[in-house]
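Every read-out reported here was derived from the displayed coordinates using simple, explicitly stated rules and does not represent laboratory data. This structure is a prediction, so every number in the text was calculated from the model and none was measured. We place every Cβ from the backbone using ideal geometry, glycine too, and count neighbours over all the protein chains shown.
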Amino acid sequence: MRELTEFQLEPVPNGDGRRLAFSGPMTVASIGVADKRIRALDGTIAEIDLSRVTAIDTVGAWSVWRLSRDHDAKITGCSDEAQKLVDAISKADSNDHSVRAARLPLTRRVPEHVGNVMLGLGRGALQVIGFLGQMIQSAGTLLRHPSRFRMKALVHQMELVGVNSLAIIGLMSFLVGIVIAQQGAVQLRQFGAEIYTVNLVGRLTLRELGVLMTAIMVAGRSGSAFAAQLGTMKLTEEVDAMRTIGVSPTEALVLPRVLATMIMMPLLGLYSAFIGIVGGAFLSSVSLGIPFFTFLARIKEVVPLHDVWVGVTKAPVFGLIVALAGCYQGMQVKNNAEEVGARTTAAVVMAIFTVIVLDAFFAVFFTNIGWG
């Protein structure tokens, strides 16, 4: 005779509420009668006990998970097999949440979505801070044991981040310098002040656009590469293999990339500002009648030295943000190749957004200390 699923209700020891204790098999062939009786139960259930269950399949696990979800009850006494099935059902149910949410009325769906986004941003910020702390801890370990530092990896990353990006950053900066000079001259011409185009190009490129455009370009070029490289290494289990043989992934993979970006950003920022000034001088010599070398000589007179220091001060911070975003997103890859693409995109968006926000704070700060 076929054995059926049995259950009984009993009080929770040393607690409030009732415990639903199952016994026997919980399979598709045995749970039908018990399921109808369970659905007819009144009141709430605080605990579901599976310690006396002899066999369980997906249908049984779904019944247990449904009861746990509907009654907000905890599941106890699970065997390894039962726990795996319940976890799988739980994950599938959470993945289906977005489908159910799409059926909600707009007045509920929008606030719920906004709330989920804000909670996700909060959790993400905490995780990034934790990642930064882990990186600082690894840096402290390397300071105590300098022989473990990978100098070749640092030099290699400096080449990838800095030297290999000179061409694209130079071209971008040259064109931006031309645009600033042309548009500035058009506006200043209305007041007969075209000569102040030199001031506009010099101060704007050295103080703001040189380092900001460089950070955006490095984020799109190197930050995305960091995320894709580390994400692929996570998928192929190279990161886990490094931990197995006693090598810290943060020391070997993250710190060389972060340090290389922080070292190269000030140099790239100054290079970008110089090329932008050259672009402005070229446009001025062609359209405004200001000789090329006169424009460059005038830059030394009208641009205060603290504008250079403003750009140099911001550059390492921007480099840290770009590298941190790329490495953090790459190390969060877990499931499949599709996540590598998503994390790469997230790294670029995160880096550019944070850089622009910090640039605004820097602008206010330097103005308040008299470097406006």
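Rg of the Cα atoms in the chain, relative to 2.2 N^0.38 Å, amounts to 1.46.
For the stretch 12-54, what does the alpha-carbon gyration tensor say about shape, rounded, prolate or oblate, given a ≥ b ≥ c as the root eigenvalues, a/c under 1.5 as rounded, and a/b over b/c as prolate? Oblate, since a/c reaches 1.5 and b/c is not below a/b. As a proxy for reagent exposure, 356, 45 were ordered by neighbouring Cβ count within 10 angstrom, fewest first; the result is 356, 45. Taking Cα atoms only, the orientation of helix 151-161 departs from the longest principal axis of the chain by about 70 degrees.
Mind checking the angle between helix 224-235 and the chain's longest principal axis? C-alpha axes, 0 to 90 degrees, to the nearest 10. Taking Cα atoms only, the helix is inclined about 30 degrees. Footprinting exposure proxy ranking of 175, 206, fewest other C-beta atoms within 10 angstrom first, gives 175, 206.
Taking the chain as the region of interest, the number of lysine pairs whose Cα atoms are within less than 24 Å, with members eight or more places apart or on different chains, is 10.
The angle separating the long axis of helix 80-95 from the principal Cα axis of greatest extent in the chain is about 50 degrees.
Based on alpha-carbon centroids, what's the gap between the stretch 66-80 and the stretch 307-361 in Å, whole number please? Each part reduced to its Cα centre gives a spacing of 41 Å.
Sort the stretch 198-320 into rounded, prolate or oblate with this rule: let a ≥ b ≥ c be the square roots of the eigenvalues of the Cα gyration tensor; rounded if a/c is under 1.5, and if a/c is not under 1.5, prolate when a/b is larger than b/c, oblate otherwise.
In terms of gyration-tensor shape, prolate.
Rg and Dmax of the stretch 268-341, both derived from C-alpha coordinates alone, stand at 19.9, 60 Å. By the count of other C-beta atoms within 10 Å, a proxy for reagent exposure, 16, 70 are ordered fewest to most as 16, 70.
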